[in-house]
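The values are calculated or read from the model by the stated rules, or taken from the named source; none is laboratory data. Please read these numbers as outputs of a predicted model, since none were measured by experiment. Cβ: placed from backbone, ideal geometry, glycine included. Neighbour counts: every protein chain shown. Heads up: the accessible areas ignore ligands, DNA and RNA and are worked out on the full protein's heavy atoms, side chains in. Shrake-Rupley method; radii C 1.70, N 1.55, O 1.52, S 1.80 Å.
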Amino acid sequence: MSRPSGTVLLADGPIPSVDAYIERGGGQGVTAALKRSPDEVIEEIRRSGLRGRGGAGFPTGMKWRTVRDDPCPTKFVACNAAEGEPGTFKDRWLLRMNPYQVIEGLGIAAHAVGADKAYIGIKAGFAPEIKRVQRALEEMDQRDLIGGVTVELIGGPDEYLFGEEKALLEVLEGNDPLPRVVPPWMEGLFREPGSPNPTVVNNVETLANVPHILREGAERFRSLGTEDSPGTMLFTLCGDVRHPGVYELPMGYSLSELVYGVGGGPPEGRELKAIFPGASSTVIAPEQLDTPLAFDPMREVGSALGSGGFVVYDDSTCIVRATLAFSRFLYVESCAQCPACKHGTGAITELLQRIDDGRGSETDVETILARALTVTDAQRCALPTGETLIAQSAVQQFGKEFA
């Protein structure tokens, strides 16, 4: 692991106890928040420019303000700790290293939006993380460092869509992770006719930033990163690199600096061939390595920052087989509520398998591109979008290899 200049969220090692957390300034954020009105807290977050670190990059202050201003008297906040994006391990690493800052951020969010209860949704199979979070909750509750809100930790299934915010709400209510149609800020937890109970859902890393902003101020947060993407972000780097790991970097560092400067580049004698940014964005080619690691620049080159997970492949990799692995993952993890998604991802996966087996044809490649255009019909979540972007970009960039 690495701590470049300007790191905020990652310490030199695990924070072993709440006492150690307090020695590092823990608890000052929630104390500062409780001395301010909810509107003042939200304004501080808005001025910081904090954007969601779970994938979409939505402004956190705007999300909190929307729920705060909703006339419904019952509101909730939820921490999304159900990380499942391929090639991503940053939320789990944060919970292992310092769950206290995440819980403190959750308490601040509850105060800001007026929530009576908060939830942490985590996969039941994340045993080390659950153990750390349970202990941290007990310790912080004893020290009154959560802001007076009741926090419930709920374990859920080991399914990719558990990490989708609308499906997360279903799991918190005791149901299967089947994404709803309406977003949480419109219809939240335990909704009933006339009582939508709007709910803020923030991921682990987003909430971990909140105590630092309240303790040190929005200006300090903005002193790192870029104008449109302030602060730092955790990046997971894996695959064909010499130094895989989780790294915290100020936003705006180039992808090249992450892959070569921090990760050491591909193994000796190999060259970079492609980078897959998780399972939800277009494949990144070597000539795009100068792209800054920030939300808007990544979008401008046709990809996305996502949750900051990058799988690197060198020139020994078969791109057809790599694309097949991601496609199969999305097919298996599709909840099947949207027929176009389930059947479409299944068809694309089958065609990729045919090509990888040596049984494919030019028609199969054309069909993959055609199915990619319809797989998103009536989608409830972003899973089929990932299938579209990965399949199309892989075929377009590596057409000769598919042929």
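Restricted to segment 375-391, and to residues there that are outside any loop (DSSP other than H, G, I, E, B) and open to solvent by less than 40 Å² (accessible area, probe 1.4 Å), the residue that is farthest from Ala56 (Cα to Cα) is Ala391. Among the residues of segment 35-69, how many are crowded, with 22+ Cβ neighbours inside 10 Å and either of a type in the set (S, T, N, Q) or farther than 22 Å from Gly231 by Cα (or both)? Looking only at that region, the number is 3.
For segment 227-244, taking the residues that are of a type outside the set (Lys, Arg) and in a loop (DSSP other than H, G, I, E, B), the one that is most open to solvent (accessible area, probe 1.4 Å) is identified as Glu227.
Residue count for segment 271-290 satisfying the condition of being open to solvent by 30 Å² or more (accessible area, probe 1.4 Å) and touching a residue at least 24 places away in the same chain (Cβ under 8 Å): 5. So which residues in segment 315-332 are within 12 Å of Gly278 (Cβ to Cβ) and open to solvent by less than 50 Å² (accessible area, probe 1.4 Å)? Answer for segment 315-332, where residues must be within 12 Å of Gly278 (Cβ to Cβ) and open to solvent by less than 50 Å² (accessible area, probe 1.4 Å): Phe326, Leu330.
Is it the case that Leu224 is under 28 Å from Gly25 (Cα atoms), in contact (Cβ under 8 Å) with a residue 40 or more places away in the chain and surrounded by fewer than 23 Cβ atoms within 10 Å (Cβ to Cβ)? In short, yes. For segment 93-141, enumerate the residues that are more than 21 Å from Ser17 (Cα to Cα), assigned to a helix (DSSP H, G or I) and of a type outside the set (Gly, Ala, Ser). Scanning segment 93-141 gives His111, Val113. Just a yes or no: is a residue in segment 81-89 assigned to a helix (DSSP H, G or I), at pLDDT 95 or above and either of a type in the set (A, V, I, L, M, F, W, C) or buried (at least 23 other Cβ atoms within 10 Å of the Cβ) (or both)? Taking every residue of segment 81-89 in turn, none turns out to be assigned to a helix (DSSP H, G or I), at pLDDT 95 or above and either of a type in the set (A, V, I, L, M, F, W, C) or buried (at least 23 other Cβ atoms within 10 Å of the Cβ) (or both). Scanning segment 149-171 for residues that are assigned to a helix (DSSP H, G or I) and touching a helix residue (DSSP H, G or I) at 6+ places or on another chain (Cβ under 7 Å), we see that the one that is most open to solvent (accessible area, probe 1.4 Å) is Tyr160. For the condition part of a helix (DSSP H, G or I) and either over 20 Å from Glu85 (Cβ atoms) or open to solvent by 50 Å² or more (accessible area, probe 1.4 Å) (or both), Leu351 qualifies. Looking only at segment 53-73, count every residue that is of a type in the set (Val, Ile, Thr) and in contact with a strand residue (DSSP E or B) (Cβ under 6 Å, 6 or more places away or on another chain) and tell me the total. Here the count works out to 1.
Restricting Glu268, Glu205 to those that are on the phi < 0 side of the Ramachandran plot and open to solvent by 40 Å² or more (accessible area, probe 1.4 Å) reduces the list to Glu268. Among the residues that make up segment 291-314, is at least one of them modelled with pLDDT of 95 or more, within 26 Å of Asp158 (Cα to Cα) and surrounded by fewer than 16 Cβ atoms within 10 Å (Cβ to Cβ)? Checked segment 291-314: no residue is modelled with pLDDT of 95 or more, within 26 Å of Asp158 (Cα to Cα) and surrounded by fewer than 16 Cβ atoms within 10 Å (Cβ to Cβ).
Could you tell me which residue of segment 208-236 is nearest to Ile42 (Cα to Cα), considering only residues that are in contact with a strand residue (DSSP E or B) (Cβ under 9 Å, 6 or more places away or on another chain) and β-branched (Val, Ile, Thr)? Going through the qualifying residues, I end up with Val210.
Taking the residues in segment 21-34 that are out of contact with any Gly (no Cβ under 8 Å at 6 or more places or on another chain) and open to solvent by less than 80 Å² (accessible area, probe 1.4 Å) as candidates, determine which candidate is nearest to Phe89 (Cα to Cα). The extreme case among them is Gly26.
Number of residues in segment 357-371 that are in a helix (DSSP H, G or I) and open to solvent by 40 Å² or more (accessible area, probe 1.4 Å): the value is 8. Scanning segment 115-129 for residues that are open to solvent by less than 30 Å² (accessible area, probe 1.4 Å) and not aromatic (Phe, Trp, Tyr) turns up Ala115, Ala118, Ile120, Gly121, Ile122, Lys123, Glu129. Could you go through segment 172-195 and let me know if any residue there is closer than 15 Å to Lys63 by Cα, open to solvent by less than 40 Å² (accessible area, probe 1.4 Å), modelled with pLDDT of 95 or more and of a type in the set (Ser, Thr, Tyr). No, that holds for no residue.
If you go through segment 1-31 one residue at a time, how many are modelled with pLDDT of 95 or more, assigned to a loop (DSSP other than H, G, I, E, B) and among the polar types (S, T, N, Q)? Count: 1. Of all residues being open to solvent by 30 Å² or more (accessible area, probe 1.4 Å) and of a type outside the set (Gly, Ala, Ser) in segment 245-261, which is farthest from Gly225 (Cα to Cα)? Just the residue, please. So, considering only residues that are open to solvent by 30 Å² or more (accessible area, probe 1.4 Å) and of a type outside the set (Gly, Ala, Ser), the one farthest from Gly225 (Cα to Cα) is Tyr260.
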